Amino acid sequence: MPETFWSFERLGVLDKMRNSDFIKKLSVQFVSHSGKESRPFFFEKHDPRENSQTWQVERGAFDQMLLDNAAEKGAQCRDKTRVTTVTFEGDRATGVELGLEDDSMQHVAVRVVLDATGLSAIIANRLKLKQEYISPFENCGRPAV
């Protein structure tokens with residue numbers, strides 16, 4: 001988890017994370033399926049560099065921080081807009097159909113489509129790439145106090 005520190009640095013949000021109200025995490029503790037708790041794992045004991053911390057984020061605020069950061073760096077960001085369809089030429093995504101706030105539609109040709117639809121997985125479903133996976137470690141980590 002602390003390795004996210006370097007991603008935050010590359011994205012240019014490290015100072016924003018440091019100055020945020022997000023809870024700083026210095027350790028983690030694991031809980032088995034039977035409920036047995038591990039000893040806390042303190043990041044700094046195993047890697048004393050500055051990256052031996054991470055944050056517990058509130059997802060909406062964190063997503064907004066990343067969106068604002070992308071816009072500050074020149075990305076064209078759209079709010080109150082949804083992708084209704086990804087257009088393809090063969091197996092290559094070449095554009096998107098946008099549903100705008102006023103209920104109109106707009107086609108945008110693109111070089112790259114990043115599918116951030118989560119469980120909807122528009123592109124993975126279209127290309128029949130989606131696979132069922134259940135992690136044996138699902139919900140077994142929690143921050144140590």
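The values are calculated or read from the model by the stated rules, or taken from the named source; none is laboratory data. A quick note: this is a predicted structure, and the numbers were derived from the prediction, not measured. Neighbour counts run over all protein chains shown; Cβ positions are idealised from the backbone, glycine included.
Here's a check for you: in the stretch 1-51, which residue that is of a type in the set (Phe, Trp, Tyr) and touching an Asp or Glu at 6+ places or on another chain (Cβ under 8 Å) is farthest from ASP68 (Cα to Cα)? Break it down into steps so the answer makes sense when it comes.
In the first step, residues of the stretch 1-51 are kept if they are of a type in the set (Phe, Trp, Tyr); the result is 5-6, 8, 22, 30, 41-43.
Add one more test, that the residue is touching an Asp or Glu at 6+ places or on another chain (Cβ under 8 Å), and what stays is 5, 22, 30.
Working: PHE5: 19, PHE22: 17, PHE30: 33 Å.
Looking at the filtered set, the residue picked out is PHE30.
For the stretch 22-53, what are the residues that are touching a residue at least 12 places away in the same chain (Cβ under 8 Å), assigned to a loop (DSSP other than H, G, I, E, B) and exposed (fewer than 13 other Cβ atoms within 10 Å of the Cβ)?
SER32, HIS33, ASP47, GLU50 - these are the residues of the stretch 22-53 that are touching a residue at least 12 places away in the same chain (Cβ under 8 Å), assigned to a loop (DSSP other than H, G, I, E, B) and exposed (fewer than 13 other Cβ atoms within 10 Å of the Cβ).
Can ASN19 be described as exposed (fewer than 13 other Cβ atoms within 10 Å of the Cβ), among the polar types (S, T, N, Q) and more than 30 Å from ALA109 (Cα to Cα)?
Judged against the criteria, ASN19 is a match.
For ALA71, only one of the following conditions fails: (1) farther than 30 Å from LEU129 by Cα; (2) touching a residue at least 12 places away in the same chain (Cβ under 8 Å); (3) among the hydrophobic types (A, V, I, L, M, F, W, C); (4) not in a strand (DSSP E or B). What is its number?
Against the list (1) farther than 30 Å from LEU129 by Cα; (2) touching a residue at least 12 places away in the same chain (Cβ under 8 Å); (3) among the hydrophobic types (A, V, I, L, M, F, W, C); (4) not in a strand (DSSP E or B), ALA71 comes up short only on (2).
Among (1) exposed (fewer than 13 other Cβ atoms within 10 Å of the Cβ); (2) among the hydrophobic types (A, V, I, L, M, F, W, C); (3) over 26 Å from LEU127 (Cβ atoms), which single condition is MET105 missing?
Evaluating MET105 over (1) exposed (fewer than 13 other Cβ atoms within 10 Å of the Cβ); (2) among the hydrophobic types (A, V, I, L, M, F, W, C); (3) over 26 Å from LEU127 (Cβ atoms) leaves (3) as the failure.
Looking at the stretch 88-105 only, could you name the residues that are over 24 Å from the mean Cα position of the chain (by Cα) and either in a loop (DSSP other than H, G, I, E, B) or touching a residue at least 12 places away in the same chain (Cβ under 8 Å) (or both)?
PHE88, GLY90, ASP91, GLU101, ASP102, ASP103, SER104, MET105
Looking at VAL108, VAL113 in this structure, which one is in a loop (DSSP other than H, G, I, E, B) and not assigned by TED's automatic domain parsing to the domain that holds GLU9?
After applying the criteria, what remains is VAL113.
Quick one: in the stretch 123-145, which of the residues that are surrounded by 12 or more Cβ atoms within 10 Å (Cβ to Cβ) and in a loop (DSSP other than H, G, I, E, B) is modelled with the highest pLDDT?
Step by step, filter the stretch 123-145, then rank; the result is LEU127.
How many residues does the stretch 20-51 hold that are over 21 Å from SER135 (Cα atoms) and under 20 Å from the mean Cα position of the chain (by Cα)?
7
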